[in-house]
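Here's the structure we're looking at; comments come further down.
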Amino acid sequence: MAKVGFGGGCHWCTEGVFQALRGVTQVEQGFLQSAAPANTWAEGVVVTFEPSVIGLGTLSEVHLRTHSATRARSVENKYRSAIYIFDESQRVEAEEAIRGLAEEAGKPVHTLILPFVGFKASDERYQNYYRTDPNRPFCRRYIDPKLDFIRKHFSENALPE
């Protein structure tokens with residue numbers, strides 16, 4: 001098993017996205033911290049995954065394509081776009097995914113690659129937000145389109161509905 005963190009928008013959405021993928025065994029929703037200047041807590045998830053089933057490159061690509069990775073944000077922003085690596089060896093795959101999207105989009109990707117420093121879980125009432133009630137208006141409006149995108153473009157990695 002391996003771990004990586006992702007931040008980029010609301011952690012309810014990010015949690016729902018990664019819970020929909022084969023090879024992901026756990027998604028912890030909350031707030032992530034890195035080293036200065038990104039040492040402010042930002043919304044995100046810690047994903048535990050089986051690399052033989054789904055690789056970091058695929059996880060990174062899913063992340064980049066399911067939030068506004070090309071929108072510039074402040075590094076201190078609570079919604080900063082980031083891939084939090086747990087090991088320096090993860091940097092290359094994360095960089096490749098970012099470079100690939102930037103080339104395809106023809107514009108910069110503003111997702112940072114940051115060392116993981118800390119995690120604080122979000123309030124229990126927000127855990128498994130999508131799974132506990134997928135019919136909430138927020139889920140229907142923001143998470144369902146991301147899950148539809150995964151089923152269409154990452155069908156080999158998507159769990160059945």
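Note on region 28-41: residues that are over 12 Å from S122 (Cα atoms) and open to solvent by less than 20 Å² (accessible area, probe 1.4 Å) amount to 2.
With among the β-branched types (V, I, T) and under 25 Å from E124 (Cβ atoms) as the only criterion, which of T48, T58 stands out? Let's see the steps before the verdict.
On the way: T58 fails: under 25 Å from E124 (Cβ atoms).
Criteria check complete, one pass: T48.
For every residue, the table says whether it meets (1) open to solvent by 60 Å² or more (accessible area, probe 1.4 Å); (2) over 21 Å from E156 (Cα atoms); (3) among the β-branched types (V, I, T).
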{"site": "G7", "(1), (2), (3)": "no, yes, no"}
{"site": "T48", "(1), (2), (3)": "no, no, yes"}
{"site": "R65", "(1), (2), (3)": "yes, no, no"}
{"site": "E96", "(1), (2), (3)": "yes, no, no"}
{"site": "R99", "(1), (2), (3)": "yes, yes, no"}
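Selection over region 1-43 of residues that are under 15 Å from P145 (Cα atoms) and assigned to a loop (DSSP other than H, G, I, E, B) gives a count of 3. Starting from region 84-109, take each residue that is closer than 15 Å to L59 by Cβ and of a type in the set (S, T, Y) and list its partners that are assigned to a loop (DSSP other than H, G, I, E, B) and modelled with pLDDT of 95 or more, counting only C-beta distances under 7 angstrom and pairs at least six apart or across chains. Here the result reads Y84/S34; Y84/F116, each pair linking region 84-109 to a residue that is assigned to a loop (DSSP other than H, G, I, E, B) and modelled with pLDDT of 95 or more. Can F86 be described as open to solvent by less than 10 Å² (accessible area, probe 1.4 Å) and not acidic (D, E)? No: the conditions fail for F86. Yes or no: T58 touching a residue at least 24 places away in the same chain (Cβ under 8 Å), open to solvent by less than 70 Å² (accessible area, probe 1.4 Å) and either on the phi > 0 side of the Ramachandran plot or in a helix (DSSP H, G or I) (or both)? Yes; evaluated as a whole, the condition is true for this residue. Considered as a group, the residues in region 9-24 that are of a type in the set (A, V, I, L, M) and open to solvent by less than 20 Å² (accessible area, probe 1.4 Å) include one that is farthest from the chain's Cα centre (by Cα), and that residue is L21.
The values are calculated or read from the model by the stated rules, or taken from the named source; none is laboratory data. Just so you know, these numbers come straight off a predicted model, no measurement behind them. Quick reminder, even Gly has a Cβ in these numbers, built from the backbone with ideal geometry, and neighbours come from all protein chains shown. Keep in mind that these areas ignore ligands, DNA and RNA; they rest on the heavy atoms of the full protein, side chains included. Shrake-Rupley method; radii C 1.70, N 1.55, O 1.52, S 1.80 Å.
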